[in-house]
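Before any comments, here is the structure.
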Amino acid sequence: MASVLVASNRGPVSYVLGEDGSLDTRRGGGGLVSGLSAVSSQDSVWVCAALGEGDREAVRRGVGEPGVRMLDIDPDVYADAYNGIANSVLWFLHHHLYDIPREPVYDAEFRRRWESYRAYNRAFAEALAGAADEGAAVLVQDYHLALVPGQLRELRPDLRIAHFTHTPWASPEYLRMLPDAVREELLWGMLGADELGFHTSAWAESFAAGADVAGTGTRVAVHPLGVDAEELRALAYRPAVDERLAELRAEVGDRKTIVRVDRTELSKNILRGLLAYRELLTARPEWRGRVVHLASAYPSRQDLEVYRSYTTSVAELAEEINAEFGTEDWTPVLVSVKDDFTRSLAAYRLADVALVNPVRDGMNLVAKEIPVVSEQGCALVLSREAGAYEELREDALTVNPFDVSETAEALHTALTMPHPERADRTKRLATASTALPPQRWFLNQLEALRGPA
Ligand code: F6P
């Protein structure tokens, strides 16, 4: 039994099943993992889903980490909930990604998947209800688990429940695209919480504008997650990263670098970023041969065709740009399409310019990480639709993410920014980025939850 419980789809560990039947443990990083380290593992339980065969086998064999409870949900129910609803419908809704011809389809198949989403949420609510001490604090994470607060409230009215949304929240007009009964159930689920947390006031206001919060007893709060400077620098200055940095330096030479790091996913706007780079090389030919774009693209949610084809398009457009402008001794875009955090950290250190141009993003921690580890200070080109914009706007070069020409021009301004100005801005960006590190972010929510109801 626990007095603090966290629930999220992806947990802090995962297991890989070897051909010889061995189970290899992989520990994840990220804000939540370091946030929860502020609480003793004896008092806490983290409930997460078994994501693949390795995780399911670990559950079957009773293998696990102390304080982590993995749920072995029926694979078909899980696929419907995670791929069919969370990453197809809710992700697109909250990031405003619906557009002709990518329109929502609310048919019988959708309704079947919605039932799976409800069942998958229910499995979490039951596991939490069974593991929580009287009056325990439960912190539920993200759009995968939007129904959990309402379901858990029915099972255990004694609990203090918070829900934190790591994505943006859809505007009321977007939210109204959902079938009415589904929208009402989604809001019912969320409003089961004592506190609803968002990264920015924009997303909190968006929620409040589309829901009837008054009289529900639910508080809407803003907790902008930041980065832990010490932990990040320790990671970024390991020997393995030094080696990758030496390799990248050898490839880049004395050219300037524009760095970006994203999961390959439509809201990140990687294609318009590449188009802006192409426009820079076209409109300002003086940059040809003098700059390299280092892009790290982590393939994400590849079970879904829309994410797979986006990943392919990113690689293809990078190749096109290289074919158009590349010379024997200069490759304009060095793109790495794999999950390689060591390479990303090396690129962070080398960055002259960081490009973060999502069409809509809950926070975007890359915008906060690069200023903290960049070696010579870097200019940040930042979308005004990223959550990080609220805190970083003054020292970033801000852009409309849909405007390719404006982004190209911002890249030029960033590349030509005088060094002292770049260094000053980077210092202020790093200070703002580390204002609310994960442990404090987590404890603030816990204190708010345990305070007077
Ligand atoms: O941005 C929302 C978010 O839940 C992040 O917190 C997380 O990095 C990502 O989406 C999860 O993606 P995945 O589908 O790979 O678990």
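The values are calculated or read from the model by the stated rules, or taken from the named source; none is laboratory data. Owing to the predicted nature of the structure, the values given are computational and were not obtained by experimental measurement. Cβ sites come from the backbone with ideal geometry, for glycine too, and all protein chains shown count toward neighbours. Protein only, heavy atoms only, side chains kept; ligands, DNA and RNA dropped before computing areas. Shrake-Rupley method; radii C 1.70, N 1.55, O 1.52, S 1.80 Å.
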**Request:** Just the number, please: percent antiparallel of the DSSP beta bridges in segment 233-368, rounded to the nearest 5.
**Result:** 5 percent
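Using Cα pairs under 8 angstrom and six or more residues apart, how large is the relative contact order of the chain, in percent? Spell out each step's value before the answer.
Values: 867 pairs, mean separation 67.2, N = 453.
Contact order relative to length: 15 percent.
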**Asked** Ordered by packing density, taken as the mean number of other Cβ atoms within 10 Å over each peptide's residues, highest first, how do 384-393, 14-23 rank?
**Response** 384-393, 14-23
**Prompt:** Taking the Cα centre of segment 289-383 as the origin and placing charges on Cβ (Lys, Arg +1; Asp, Glu -1), which of Tyr298, Val333, Pro371 is farthest toward the positive end of the dipole?
**Reply:** Pro371
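If you build the convex hull over the alpha carbons only and average its shadow over all orientations, what do you get for segment 348-440? Give it in nm² to one decimal. The partial results should precede the final answer.
Working: hull surface 21.7 nm².
Here the figure is 5.4 nm², rounded to one decimal.
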**Item:** Nonlocal amide H pairs with Val140, under 5 Å, H built at 1.01 Å
**Value:** Ala7, Ala162, His163, Phe164
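In whole angstrom, how long is each semi-axis of the equivalent ellipsoid of segment 321-395, when you take the square root of 5 times every eigenvalue of its Cα gyration tensor and sort them from largest down?
24, 15, 13
If you take the square roots of the eigenvalues of the alpha-carbon gyration tensor of segment 66-215 and sort them as a ≥ b ≥ c, do you get rounded (a/c under 1.5), prolate (a/b over b/c) or oblate? Provide the component values of the computation, followed by the final result.
On the way: a/c = 1.93, a/b = 1.27, b/c = 1.52.
Judged from the Cα gyration tensor, segment 66-215 comes out oblate (a/c at least 1.5, b/c at or above a/b).
What Kirkwood radius, in Å to one decimal, follows from the Cα pairs of segment 227-386? Show your work: numbers first, answer last.
Values: mean 1/r = 0.0628 Å⁻¹.
Hydrodynamic radius (Kirkwood, Cα only) of segment 227-386 equals 15.9 Å.
Taking N as the number of residues in segment 209-283, what is its Cα Rg relative to 2.2 N^0.38 Å? Could the numbers behind the result be given before it?
On the way: Rg = 20.7 Å, N = 75, 2.2 N^0.38 = 11.3 Å.
Scaled against compact globular proteins, the figure is 1.83.
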**Complete:** With a 1.4 angstrom probe the carbon and sulfur portion of accessible area for the chain, in percent, totals 49 percent
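I'd like to check one number: the per residue accessible area of the chain, probe 1.4 Å, reported in Å² as a whole number.
Numbers: 18480 Å² over 453 residues.
That works out to 41 Å² per residue.
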**Fill in**
Distribution output for the chain: share of Cα-Cα pairs per 10 Å bin in percent, first bin at 0, values 4, 20, 30, 26, 15, 4, 0
**Request:** Sum -39500 (n - 2.57) across every DSSP H segment of at least 4 residues in the chain, then divide by the residue count to get the 222 nm mean residue ellipticity, nearest 500.
**Result:** -13000 deg cm²/dmol
**Asked** How far is the Cα center of segment 271-317 from the Cα center of segment 38-83, in Å?
**Response** 35 Å
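So what is the diffusion coefficient of segment 298-346 in µm² per second by Stokes-Einstein at 25 °C and 0.890 mPa s, using a Kirkwood Rh over Cα pairs? Show your work: numbers first, answer last.
Numbers: Rh = 12.2 Å.
It comes out at roughly 202 µm²/s.
Share of Cα-Cα pairs in segment 55-99 beyond 15 Å, in percent?
Details: 574 of 990 pairs.
Tail fraction, whole percent: 58.
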**Request:** At q = 0.14, 0.26 Å⁻¹, what is the base-10 log of I(q)/I(0) for segment 36-129 according to the Debye formula with one equal point scatterer per Cα and no solvent? Please give it to two decimals.
**Result:** -0.64, -1.27
